[in-house]
Amino acid sequence: MWHPLAPLSEFPDRAGREFTVEDRIVAVFRDGDRLWALDGICPHAGGPLAEGDVTPTATGAIVTCPWHGWQFDVSTGKHCLSAQIRQQRFPVQVEEGIVMVELP
């Protein structure tokens, strides 16, 4: 099911925003025209991933958890040092200027 979040204009470039969708915390990240959504709670200690620094890469971006520095590739959800650790990803689309996320 697709859930409207906010107008695209309200998403700062190279940053994240946090939303509560169906009792889940979802972090949406933007780099230019690219958008990604991940589970917004860091698995290490529950830090808010949407508040982390976003660093662009050739294939996506890396978000660094502001609490303890864990890093995740926002395009895959994979932890940057351990492939066994992965944040759940969610599809994102923009429809009539509104960013929407799909939850299973």
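Laboratory data are not the source of any read-out in this text; all were calculated from the coordinates shown. Bear in mind that the values here come from a model prediction, so they are computed numbers and not experimental data. Please note: Cβ atoms are built from the backbone with ideal geometry, for glycine as well, and neighbour counts cover all protein chains shown.
In sequence order, what are the phi-derived ³J(HN,Hα) couplings for segment 6-17 according to the Karplus relation 6.51 cos²θ - 1.76 cosθ + 1.60 with θ = phi - 60°, rounded to whole Hz, with x for glycine and proline?
Calculated HN-Hα couplings, in order: 5, x, 4, 4, 8, 9, x, 5, 6, 8, x, 9 Hz.
Connecting C-alpha atoms closer than 10 Å in a GNM of the chain, tell me which of Gly60, Gly47, Gly32 has the biggest fluctuation.
Gly32
First select every other residue whose beta carbon is under 15 angstrom from the beta carbon of Thr76; then total the charges, Lys and Arg +1, Asp and Glu -1.
Result for the local shell: +1.
Please turn the phi angles of segment 37-48 into ³J(HN,Hα) values with the Karplus equation 6.51 cos²θ - 1.76 cosθ + 1.60 (θ = phi - 60°), one per residue in order, whole Hz, x for glycine and proline.
For segment 37-48, the Karplus-derived couplings read 10, 10, 4, x, 9, 5, x, 6, 9, x, x, x Hz, x marking Gly and Pro.
Please list, ordered by chain and number, the residues whose modelled amide H lies under 5 Å from the amide H of Val21; skip anything fewer than 5 residues away on the same chain.
Amide H neighbours of Val21: Val26.
For Ala15, which sequence-distant residues (separation of 5 or more, or a different chain) have an amide H within less than 5 Å of its own amide H, given hydrogens modelled in the peptide plane?
Arg30
With a ≥ b ≥ c taken as the square roots of the eigenvalues of the C-alpha gyration tensor of segment 1-79, please select rounded if a/c is under 1.5 and otherwise prolate if a/b is larger than b/c or oblate if it is not?
Values: a/c = 1.68, a/b = 1.10, b/c = 1.52.
Here segment 1-79 falls in the oblate category.
What net charge do the residues around Arg34 carry, taking every other residue with its C-beta under 14 Å from that of Arg34, with Lys and Arg at +1 and Asp and Glu at -1?
That sum, taken over residues with Cβ under 14 Å, equals -1.
Can you tell me how segment 57-104 classifies by the Cα gyration tensor, rounded, prolate or oblate, using a/c under 1.5 as the rounded cut?
Prolate shape, in that a/c is at least 1.5 and a/b is the bigger ratio.
Tell me, what ³J(HN,Hα) does each residue in segment 71-81 have, in order and in whole Hz, if you take phi through Karplus 6.51 cos²θ - 1.76 cosθ + 1.60 with θ = phi - 60° and put x for Gly and Pro?
Per residue, the Karplus-derived 3J(HN,Hα) values read 10, 10, 7, 5, 7, 10, x, 6, 5, 6, 10 Hz.
Modelling each spin label as a point 7 Å along the Cα-to-Cβ direction, I'd like the Leu8/Leu81 distance in nm, to one decimal.
Placing both labels 7 Å along Cα→Cβ, they lie 3.7 nm apart.
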